[in-house]
Amino acid sequence: MVVVMDINSTVEQIEAVKEKLMKYNFKPQLIHGVKRIVIGAVGDRHAIDSLNLKQMPGVEEIISIMKPYKLVSRQAREENTVVEVGDVSIGGSEVIVMSGPCAVESREQLLTAARYVKKAGGHILRGGAFKPRTSPYSFQGMEEEGLKLLKEASLESGLPTVTEVIDEQSLEMALNYVDILQIGTRNMQNFRLLKAAGKANKPILLKRGLSATIEEWLMSAEYILSEGNENVILCERGIRTFETYTRNTLDLSAIPLVKRLSHLPVIVDPSHATGDRGLIEPMSMAAVASGADGLILEMHPEPNKALCDGAQSLNPGELEELMKQLQKVMAAVGREKSPINLGGVVNG
């Protein structure tokens, strides 16, 4: 349930409600909205009536949330959550583009990629320091050395960074270096990792699982929010179907549906969804038209030399052209244009 407080309720009144909820084994969490103040309370909904919360000063309304995801639900928060990362706002009027290589491979590769992302008008640099791979013999990432390079690239380019964490140890390590922690499709239901992410002081990018339903995806986000971290970005990255011409099947219907069900921002990963660089541009444009708050795109300075996912990585020129084409869709759907520096110079 959620306890809706009067917009003019005092700190003392809010704390009194929270204390009463805790006394009866509810887990309260304050949710700040623009139009109202809400206390999310997870516990036995059948015990609500006996608490007489409606009689307490400052309480305006009690709303029972029937969906299994409580804090993630639109009923808990009417306004869109906007995740702030430095000067970048994810979930606001502007469509945010995260781009960079699948894996951090070397200092030269990453710094060059960061310059190209910046030049194209991208907002956030992506790069994998830890790579969970299907084969144990595939490149597994540079780990902490890769995190250090992401930090260096961020300082040079001014771009915030996002990288995937694969367990609690890598999460703790990444906290010192990057701005957004990604939980990948294979770990969407790694509940210990989700709880650790909920205790972290960094935004979390949560990818949908290969075979996850939308409700399972939102329940994974609920794990993070229930631990106190409200800065969650959902990422649709395609689901596994019987189709073999693409790596996965991009579920564009999930974008408007999830935005109706939840207040969290939703971005799309067309690179992993299709596995084909030739499909990234049309799928990116379709995602923005469907209401996506952002895109996460693989771009490598030299895709033919990439240690992983070269076939689905754009080259710098393709990224720049895609950014130009996206402006047309953004304008058509009323999303704020991204500031693109088309006259920039990439330093070698």
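We did not get these values from a lab; they are worked out from the coordinates using the rules stated. If you're wondering where the values come from, they're calculated on a predicted model, not measured in any experiment. Cβ: placed from backbone, ideal geometry, glycine included. Neighbour counts: every protein chain shown.
As a calculated quantity, the FRET efficiency between SER253 and GLU12 at R0 = 41 Å, using C-beta atoms, amounts to about 0.35.
Summarising the amide proton neighbourhood of ILE31: residues at separation of 5 or more, or on other chains, whose placed amide H is nearer than 5 Å comprise VAL38, ILE39, GLY40. Please determine, in degrees from 0 to 90 and to the nearest 10, the orientation of helix 277-289 with respect to the longest principal axis defined by the Cα atoms of the chain, where the helix direction is its Cα long axis. Value to nearest ten degrees: 30. Could you pull out the pairs from LYS27/LYS202; LYS131/LYS324; LYS119/LYS207; LYS119/LYS328; LYS20/LYS202; LYS118/LYS328 whose alpha carbons sit more than 24 Å apart here? Correct reply: LYS131/LYS324; LYS119/LYS207; LYS20/LYS202.
Taking amide H as placed 1.01 Å from N in the peptide plane, the amide H of GLN189 sits under 5 Å from none that are at least 5 places away or on another chain.
Hey, with R₀ at 41 Å, roughly what FRET efficiency would LEU210 and ALA331 work out to, going by the Cβ-Cβ distance, to 0.05?
0.75
Rounded to the nearest whole Hz, the Karplus-based 3J(HN,Hα) values (6.51 cos²θ - 1.76 cosθ + 1.60, θ = phi - 60°) of the range 314-325 follow the sequence 6, 8, x, x, 5, 5, 4, 5, 4, 4, 5, 5, with x at glycine and proline. Close amide-amide hydrogen proximity is noted between CYS102 and MET299, each under 5 Å apart and 5 or more residues distant or on a separate chain (H modeled in the peptide plane; Pro and chain starts excluded).
Phi angles of the range 300-308 translate, via the Karplus equation with coefficients 6.51, -1.76, 1.60 and θ = phi - 60°, into HN-Hα couplings of 10, x, 9, x, 5, 10, 5, 6, 7 Hz per residue; Gly and Pro are given as x. Each residue in MET56, MET219, MET98 was given a count of other beta-carbon atoms within 10 angstrom of its own, and listing them fewest first yields MET56, MET219, MET98. For the range 203-348, the gyration tensor built on C-alpha atoms gives a prolate shape. Its axis ratio a/c (a ≥ b ≥ c) is at least 1.5, and a/b is the larger of a/b and b/c. Angle of helix 144-157 to the longest C-alpha principal axis of the chain, folded into 0 to 90 degrees and rounded to 10: 90°. Over all pairs of different C-alpha atoms, the range 73-118 has a mean inverse distance whose reciprocal, the Kirkwood radius, equals 13.2 Å. Could you state, as a whole-number percent, how many of the C-alpha pairs of the range 11-126 are farther apart than 19 Å? When all Cα pairs of the range 11-126 are counted, 61 percent exceed 19 Å. Residue order for PHE26, PHE242, PHE130, PHE191, fewest other beta carbons within 10 angstrom first, comes to PHE242, PHE191, PHE26, PHE130. A straight chain from TYR245 to GLU108 at 0.36 nm per residue would run longer than the Cα-Cα distance by 45.9 nm. Think of each Lys and Arg Cβ as +1 and each Asp and Glu Cβ as -1; about the Cα centre, that makes the dipole of the range 83-332 roughly 200 debye.
Taking the range 144-182 and a reference point 7 angstrom along Cα→Cβ of ARG192, the backbone N atoms nearer than 18 Å belong to 165-174. Between ASN315 and GLU144, the modelled labels are 3.8 nm apart [label points 7 Å from Cα along Cα→Cβ].
Panel order for THR274, THR241, THR163, by other beta carbons found within 10 Å of each beta carbon, from fewest to most: THR241, THR274, THR163.
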